[in-house]
Amino acid sequence: MSEEMTRRRFLVLGGVAVGAMALGGAGYAATRAPEVGRSRTTMGAGMSKVLVVYGTGSGCTIGVARQIGKTLAERGATVEVVSATEAPAPAGYDAVVVGSGVRAGNWHGPVESWVSANAATLKEKPVAFFTACLTMASDPSKRDEVRAYTDQVIKKSGVEPVGIGLFAGWNQPKKFSFIERAILRMMKAPEGDFRDFAAIGAWAAETAPKLGLT
Ligand SMILES: Cc1cc2nc3c(=O)[nH]c(=O)nc-3n(C[C@H](O)[C@H](O)[C@H](O)COP(=O)(O)O)c2cc1C
């Protein structure tokens with residue numbers, strides 16, 4: 001990915017996109033990919049109950065969340081993968097995994113708000129966070145930069161995760177709005193699906209014991 005694809009450019013251009021969409025009334029929901037359609041999936045039939053909550057705009061993070069859910073279900077959990085926009089109640093679960101795609105250096109609003117709104121309950125159980133973005137696709141050496149997206153959520157909510165997963169996302173132009181596509185073109189972001197499902201599964205497997213699964 002181009003060296004021009006710096007954090008500052010993402011923040012400036014991404015901020016413009018978010019503002020423009022708000023002004024135009026073209027919220028994320030208006031442009032979304034088919035993957036966004038099904039916002040709740042149940043996997044596995046184990047004793048432990050795990051909730052996986054995601055925030056997405058284009059649908060990319062749904063695939064990441066489902067891969068995490070699949071791996072945890074293989075390790076003996078009953079897993080519900082749910083969009084933050086459904087406002088799932090975390091109280092009945094033994095452990096929670098929460099993650100988001102990124103826009104201009106931030107998690108999506110609904111998932112960030114969900115973490116803050118449920119912080120008291122989340123602090124009582126093991127919670128892991130994950131982020132899917134293009135910086136991880138372009139330059140994995142910028143892990144600290146990507147980690148900072150998650151650190152903001154930790155700071156705001158006071159929820160301390162037992163693990164943090166940082167994953168490459170996608171740039172699939174057809175799944176983004178006109179404005180988002182224009183921003184990604186300006187960023188010279190390479191096109192493709194950079195999600196590494198083996199790496200996502202490996203992180204989930206490594207995190208499973210910290211979530212109380214064997
Ligand atoms: C307007 C816009 C702003 C973005 N800002 C960032 C950013 O600041 N950092 C980053 O690494 N990726 C950024 N991305 C890339 C997305 O996080 C990436 O495409 C991700 O896979 C999207 O997943 P989602 O649609 O499920 O949120 C941005 C994408 C768009 C369209």
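FYI, it's all coordinate maths here, none of it is from the lab. Everything quoted here is computed from the prediction, not taken from an experiment. Glycine also receives a Cβ, built like all others from the backbone with ideal geometry; neighbour counts cover every protein chain displayed.
So what is the 222 nm mean residue ellipticity for the chain from helices alone, if each DSSP H run of at least 4 adds -39500 (n - 2.57) and you divide by all residues, rounding to the nearest 500 deg cm²/dmol? Show your work: numbers first, answer last.
Values: 8 runs with 85 residues, N = 214.
Mean residue ellipticity, 222 nm, calculated: -12000 deg cm²/dmol.
Using 21 Å as the Cα-Cα cut-off, could you pick out the over-long pairs in LYS125/LYS210; LYS49/LYS155; LYS125/LYS156?
On the way: LYS125/LYS210 11 Å; LYS49/LYS155 26 Å; LYS125/LYS156 18 Å.
Flagged as over cut-off: LYS49/LYS155.
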antiparallel share of DSSP beta bridges within the chain, to nearest 5, in %, is 25
With viscosity set to 0.890 mPa s and temperature to 25 °C, compute the Stokes-Einstein D of region 93-214, Rh being the Kirkwood radius across alpha carbon pairs; µm²/s, no decimals.
161
How far is it, in nm, from the label point at ALA198 to the one at SER141 when both lie 7 Å from their Cα along the line to the Cβ?
2.3
Please compute the length gained on full extension between THR121 and THR41, using 0.36 nm multiplied by the number of residues separating them and subtracting their Cα-Cα distance.
26.6 nm
The orientation-averaged projected area of the Cα convex hull of the chain, in nm², is 10.6
Principal axis box of region 117-171, alpha-carbon based, largest edge first, Å:
36, 18, 16
